[in-house]
Amino acid sequence: MATTTPDQLWAHVHCLGALAEAGSYTAAAARLQVSKAAVSQRITELERAAGIPLVQRTTRSVRLTPAGQQLVDQTRGAYEQIQR
């Protein structure tokens, strides 16, 4: 497996932000116009690169861990500027 560089992870961080806002993999995938599997894969790759869990998954819900929430909070402003 190839190593993911920090430059390649920006889309993954954006995906985490979409997941945080949408509250589910299905809703995040719809918002980003990608498959649910693509969202899941990007989050898994981001967690692997970070070395810590960013999302708590259960059969009924998805929540960000404190580290995941911190990452979303720290990058939200940059993504909002890009959208404007």
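Out of (1) in contact (Cβ under 8 Å) with a residue 12 or more places away in the chain; (2) open to solvent by 80 Å² or more (accessible area, probe 1.4 Å), what's the single condition that is false for residue 8?
So residue 8 meets the others, but not (1).
From the residues in region 11-40 that are small (Gly, Ala, Ser) and within 15 Å of residue 80 (Cα to Cα), which one is most open to solvent (accessible area, probe 1.4 Å)?
Filtering region 11-40 for residues small (Gly, Ala, Ser) gives 11, 17-18, 20, 22-24, 27-30, 35, 37-38, 40.
Keeping just the survivors that are within 15 Å of residue 80 (Cα to Cα) gives 11, 17-18, 20.
Values: 11: 55, 17: 17, 18: 1, 20: 39 Å².
Top of the filtered list is 11.
For region 11-48, how many residues are in contact (Cβ under 8 Å) with a residue 24 or more places away in the chain and part of a helix (DSSP H, G or I)? Steps first, please.
From region 11-48, those in contact (Cβ under 8 Å) with a residue 24 or more places away in the chain are 11-17, 19-20, 23-25, 39, 42-43, 45-46, 48; that's our starting set.
So of that shortlist, the ones also part of a helix (DSSP H, G or I) come out as 11-17, 19-20, 25, 39, 42-43, 45-46, 48.
Residues meeting the conditions: 16.
Condition test on residue 43, is it at pLDDT 95 or above and either buried (at least 16 other Cβ atoms within 10 Å of the Cβ) or under 15 Å from residue 11 (Cβ atoms) (or both)?
Working: at pLDDT 95 or above: yes; either buried (at least 16 other Cβ atoms within 10 Å of the Cβ) or under 15 Å from residue 11 (Cβ atoms) (or both): yes.
Criteria met by residue 43.
Any residue in region 52-68 that is of a type outside the set (Asp, Glu), open to solvent by 100 Å² or more (accessible area, probe 1.4 Å), at pLDDT 95 or above and over 12 Å from the mean Cα position of the chain (by Cα)?
Yes; the residues of region 52-68 include at least one that is of a type outside the set (Asp, Glu), open to solvent by 100 Å² or more (accessible area, probe 1.4 Å), at pLDDT 95 or above and over 12 Å from the mean Cα position of the chain (by Cα).
The values are calculated or read from the model by the stated rules, or taken from the named source; none is laboratory data. Only a predicted model underlies this, so the values are computations on that prediction, with no experimental measurement involved. Every residue, glycine as well, gets a Cβ built from its backbone with ideal geometry; the counts of neighbours run over all protein chains shown. Ligands, DNA and RNA are stripped out before the accessible areas are found, and what is left, the full protein with its side chains, is counted by its heavy atoms. Shrake-Rupley method; radii C 1.70, N 1.55, O 1.52, S 1.80 Å.
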